[in-house]
Amino acid sequence: NMSYSPAKDRRFFISYLANGSKKKLVQNTNTQNFTTDGSYLQEQDRDETKRDTAHSLNFGIRYRIDSSQSIFLDGGGSINFSNNWGQTFTNSYRDDQQVNWLDNNANQSSDRINGSVKASWVKKLNVGKTVAKVSGNGSINQSLNNQQWQNRIFFNSTNLESIESLYQKNQTDNLSYSGRASLTQKIGKRLYMIPEIGASSSRETLVRTQGI
């Protein structure tokens, strides 16, 4: 965090934060069943790694131009990355003879970017009676998700291997902004009139790609 005030009514500040984590899982599972037809054994090895990283930045300005007008500005943004990779290998046996094996690989990633800013200008036109204000804000958000899978299956009875691969990619973008102007007029004791005009717009798009 950092803050700077060159004068009593003027201040600038900014903050930055970053964090990350990594998780790893290694797991082995054996499952055995006995029936009148024989014994069944399944061995499964799982290896999974997950990573998350995040960065965020925020800033602001409080600036008094003179005794009648001031500027206010606030903004920030963040970037987040996430990845999850895993492999699972499974062997199946019947009466100590291998029946099949399955090799599953999956990779999922997610990236997100967010940003926003808002600003306003305040002007005292008639001290104690009239105040003009012009403000605006905007934000942008983007999300990108990728998913990939692959399954390989081998059957001992037919000596054949089957491979299935799939992927999907989704990208979402969102943009919005608005602006407004108002005039606060004192027309009596504890009585004010505030005419205001404003406009806003937003747009969201989704692009999806998938295949094998």
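The values are calculated or read from the model by the stated rules, or taken from the named source; none is laboratory data. Predicted, not measured: the structure shown is a model, and the values here were computed from it. Neighbour counts run over all protein chains shown; Cβ positions are idealised from the backbone, glycine included. Calculation scope for accessible area: heavy atoms of the full protein, side chains included, ligands and nucleic acids excluded. Shrake-Rupley method; radii C 1.70, N 1.55, O 1.52, S 1.80 Å.
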Of all C-alpha pairs within region 107-212, those more than 24 angstrom apart amount in percent to 58
Result for region 106-212: accessible area per residue, probe 1.4 angstrom, in square angstrom, of 72
Mean Cβ count within 10 Å, highest first, over the residues of peptides 141-147, 22-28, 93-99:
141-147, 93-99, 22-28
Lys pairs in the chain, Cα-Cα under 21 Å, at least 8 apart or on separate chains: how many?
15
Label-point gap, in nm, between K22 and Q210 - each point 7 angstrom along Cα→Cβ
3.3
What is the distance in Å between the Cα centroid of region 93-134 and that of region 177-212?
22
When the Kirkwood radius is taken over all Cα pairs of the chain, what Stokes-Einstein diffusion coefficient follows at 37 °C and 0.692 mPa s, in µm²/s?
141
Amide N of region 143-175 lying under 17 Å from the label point, which is placed 7 angstrom from the Cα of Q97 along Cα→Cβ
155-160
Counting heavy atoms of the protein chains only and a 1.4 Å probe, report the per residue accessible area for region 3-70 as a whole number of Å².
74
Carbon plus sulfur fraction of accessible area for region 1-137, probe 1.4 Å, in percent:
52
